Amino acid sequence: MTVRVPAKVNVQLAVGGVRGDGFHPLANVFLAVGLYDEVTATPADELTITCTGPGSEHVPLDRTNLAARAAVALADLHGLTPDVHLHIAKDIPVAGGMAGGSADAAGALLACDVLWGTKTPYEQLLAICADLGSDVPFSFVGGAALGVGRGEQLTPLEVGGEFHWVFAVADGGLSTPAVYGEFDRLTAGVQVPEPEASEELLAALRTGDATALAASLSNDLQAAALSLRPSLAGTLAKGVEAGALASLVSGSGPTTAFLAKDAEGAGRIAEALLASGTCVAARVAVAPAPGAVAL
């Protein structure tokens, strides 16, 4: 059983001060984009994981992998042993701030549920997703959504059209905990406001207005990502020079995202970014994209 799962971009990532449990309250506007991993589940004598594709050498192949944890969680729920081989075909940048690991967990969960015939209710699958990680529920659902709490409590959002994106893949990854740690360092002694979704941004999504969306994009983790990886500023500048309506770091980075006016503009931006030498790859994608889908 093969399941396709999308990458995401955070068109708004509003981050509050650290909570007592170590998490940060978020107002996280997710948009699923048309870059996909595929997770294939086949019967096996024990739980095994293989992975191919760009960056696959950095993907753990033991039970620390989120996809493996998803299979174990589903098996535990139904009193089964997680005897399955999970193969992950990567196309989402690894450790790039686009929720590739979370997507793989969502894909493994659906693939195993179909393979094992467990027919788990949708709400239970989402609860497992939330236990696995803050981004996993959205990877399962796709489309567009506002995530609050630590990002796992989702409200679907209406999107009135297609948005054209370019994603510049950096050389190497960034640790999400390290970026949040840098955010805490940079905001130490500052009263961090409670995160709220931007009404202007939500309206831009509803109307499909790329220019209005560009004016509303924001990422409270961007300063922390740039502090840890200053070279990203050059990539962001090159994309804007090439005609992007707006640029921002995707999630915790280091992938950078560029909103284009149309498909032709996205192609030109991707070519310019590659030619600039500030990234190792430039990927064009359209949003919104569906969530986890069995193929």
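I'd like the full set of residues that are at positive phi and touching a helix residue (DSSP H, G or I) at 6+ places or on another chain (Cβ under 9 Å), limited to the range 117-128.
Here is the first cut: in the range 117-128, the residues at positive phi are 117, 119.
Selection gives 119 alone.
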query: How about the range 1-67: which strands (runs of 3 or more DSSP E) wholly inside it have at least 2 residues that are closer than 22 Å to residue 142 by Cα and within 16 Å of the chain's Cα centre (by Cα)?
result: 2-15, 26-43
Pair list, Cβ < 9 Å and 6+ apart or interchain, from the range 155-178 residues that are under 27 Å from residue 203 (Cα atoms) to residues that are acidic (Asp, Glu) and surrounded by fewer than 20 Cβ atoms within 10 Å (Cβ to Cβ): 160/209; 161/209; 164/262; 164/264
- prompt: Is it the case that residue 73 is over 29 Å from residue 256 (Cβ atoms), outside the structural domain of residue 256 (by TED's automatic domain parsing), crowded, with 16+ Cβ neighbours inside 10 Å and in contact with a helix residue (DSSP H, G or I) (Cβ under 8 Å, 6 or more places away or on another chain)?
  reply: yes
message: Which pairs turn up if I take residues in the range 106-131 that are assigned by TED's automatic domain parsing to the domain that holds residue 7 and closer than 18 Å to residue 149 by Cβ and look for partners that are assigned to a helix (DSSP H, G or I) and polar (S, T, N, Q) with beta carbon separation below 7 Å, at least 6 apart in sequence or on another chain?
response: 106/139
Selection count where residues are out of contact with any helix residue (DSSP H, G or I) (no Cβ under 7 Å at 6 or more places or on another chain) and among the charged types (D, E, K, R), scope the range 129-167: 2
message: Can you say whether residue 108 is touching a helix residue (DSSP H, G or I) at 6+ places or on another chain (Cβ under 7 Å) and more than 20 Å from residue 52 (Cα to Cα), as far as the supplied structure shows?
response: no
- line: Of the residues in the range 169-200, those that are within 18 Å of the chain's Cα centre (by Cα), closer than 15 Å to residue 224 by Cβ and not in a loop (DSSP other than H, G, I, E, B) number 5
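Matching residues to (1) surrounded by fewer than 23 Cβ atoms within 10 Å (Cβ to Cβ); (2) without any contact (Cβ under 8 Å) to a residue 12 or more places away in the chain:
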site: 5; (1), (2): no, no
site: 8; (1), (2): no, no
site: 39; (1), (2): no, no
site: 42; (1), (2): yes, no
site: 48; (1), (2): yes, no
site: 55; (1), (2): yes, no
site: 60; (1), (2): yes, yes
query: Across the range 206-265, what is the number of residues that are surrounded by fewer than 20 Cβ atoms within 10 Å (Cβ to Cβ) and assigned to a strand (DSSP E or B)?
result: 1
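Within the range 120-127, is even one residue of a type in the set (Val, Ile, Thr), farther than 16 Å from residue 5 by Cα and modelled with pLDDT of 95 or more?
Taking the range 120-127 first, the residues of a type in the set (Val, Ile, Thr) are 120.
Still in the running and farther than 16 Å from residue 5 by Cα: 120.
Now restrict to residues that are modelled with pLDDT of 95 or more: 120.
The answer is yes, given that some residue of the range 120-127 is of a type in the set (Val, Ile, Thr), farther than 16 Å from residue 5 by Cα and modelled with pLDDT of 95 or more.
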- prompt: In this structure, is residue 67 buried (at least 18 other Cβ atoms within 10 Å of the Cβ), out of contact with any Pro (no Cβ under 9 Å at 6 or more places or on another chain) and under 13 Å from residue 106 (Cα atoms)?
  reply: yes
- prompt: Among all residue pairs at least 6 apart or on different chains, which show Cβ distances below 9 Å where the first residue, located in the range 239-252, is assigned by TED's automatic domain parsing to the domain that holds residue 15 and the second is at pLDDT 95 or above and buried (at least 24 other Cβ atoms within 10 Å of the Cβ)?
  reply: none
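The values are calculated or read from the model by the stated rules, or taken from the named source; none is laboratory data. Just so we're clear, the structure is a prediction, and the values are computed from it rather than from any experiment. Reconstructed Cβ throughout: ideal geometry from the backbone, glycine too, with neighbour counts over all protein chains shown.
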